[in-house]
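Input: a single structure, listed below in structure tokens.
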Amino acid sequence: MCRLFVGADPAMWTSHTRSIRMDGMVTSVRLESMYWTVLEEIAANDDMNVPQLLHQLYNESIDEGHDLGNFTSFLRVCCLRFIDLQLQGLIPSAQSGSFETLPAEDILKVEAENNRERARLTATPSTQH
């Protein structure tokens, strides 16, 4: 399995810094190329560019009361969640050709149910010996 990661194109983990203006201040975000690619896909799905997406994510997170002391880590998790939601079939992938999605609240409910079920299955002692 490690060979799949070690043998990948090193350009995927090359870091790039982008300067973004948020609330009148310029901030720099340094991410690996692969994350920028995912952020571009997320932004395109919402008819935005990446700076607009980052600004919206930042503002909505602050509005929710989240501490974004490490905004870059938050963005990495956003990218992984986006891919995970695609794998779960809760949001379409670019390859599917369809961009119709459920409302966010419905996706969060289904995801919570899936997580509860996963936790239940993990907590259930195995009957196999």
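Could you please rank 26, 110, placing first whichever residue has the fewest other Cβ atoms within 10 Å of its Cβ?
In increasing order of surrounding Cβ atoms, one gets 26, 110.
Provide the three semi-axes, in whole Å and in decreasing order, of the ellipsoid equivalent to segment 9-122 as defined by the square roots of 5 times the Cα gyration tensor eigenvalues.
25, 18, 15
What residues have an amide H closer than 5 Å to that of residue 91, excluding those fewer than 5 places away on the same chain, when H is modeled at 1.01 Å from N in the peptide plane?
Residues meeting the criterion, in which the H sits 1.01 Å from N, are 86.
Between residue 26 and residue 84, what is the FRET efficiency for a Förster distance of 30 Å, r being their Cβ-Cβ separation, to the nearest 0.05?
Efficiency for this residue pair is about 0.45.
Which angle from 0 to 90°, rounded to the nearest 10, does the C-alpha axis of helix 33-45 make with the longest principal axis of the chain?
90
Report the FRET efficiency, 1/(1 + (r/R0)^6), for residue 61 and residue 6, where r is their Cβ-Cβ distance and R0 is 30 Å, rounded to 0.05.
So, using R0 = 30 Å, E works out to roughly 0.30.
Counting only residues 5 or more places away or on other chains, whose amide H sits under 5 Å from the amide H of residue 22 once H atoms are built in the peptide plane?
Amide H to amide H, under 5 Å and 5 or more residues apart or across chains, residue 22 pairs with 27.
What is the order of 76, 3, 116, fewest Cβ neighbours within 10 Å to most?
Working: 76 17, 3 7, 116 10.
Ordered by Cβ neighbours within 10 Å, fewest first: 3, 116, 76.
Can you compute the charge dipole magnitude of the chain about its Cα centre, using +1 on each Lys and Arg Cβ and -1 on each Asp and Glu Cβ, nothing else charged? Give it in debye, rounded to the nearest 20. Please list the in-between numbers first.
Details: 10 positive and 18 negative charges, 123 e Å.
In debye, rounded to 20, the chain gives about 600.
In a Gaussian network model over the chain where Cα atoms closer than 10 Å are linked, find which of 44, 104, 119 has the largest mean-square fluctuation.
Sorting by GNM fluctuation, first place goes to 119.
Using a 10 Å Cβ count of at most 12 others and DSSP loop calls, identify the longest part of the chain lacking such GluC sites (Glu not before Pro). Could you put the intermediate results ahead of the total?
Working: sites that count: 64, 100.
Longest run free of exposed loop sites: 1-63.
Going by how many other beta carbons lie within 10 Å of each one, how would you line up 50, 77, fewest first?
Sorted ascending by nearby Cβ count, the order is 77, 50.
Any read-out appearing in this document is the output of simple, stated calculations on the displayed coordinates, not a laboratory observation. Computed from a predicted structure; not experimentally measured. Using ideal geometry, Cβ is built from the backbone for each residue, glycine included, and neighbour counts are taken over all protein chains shown.
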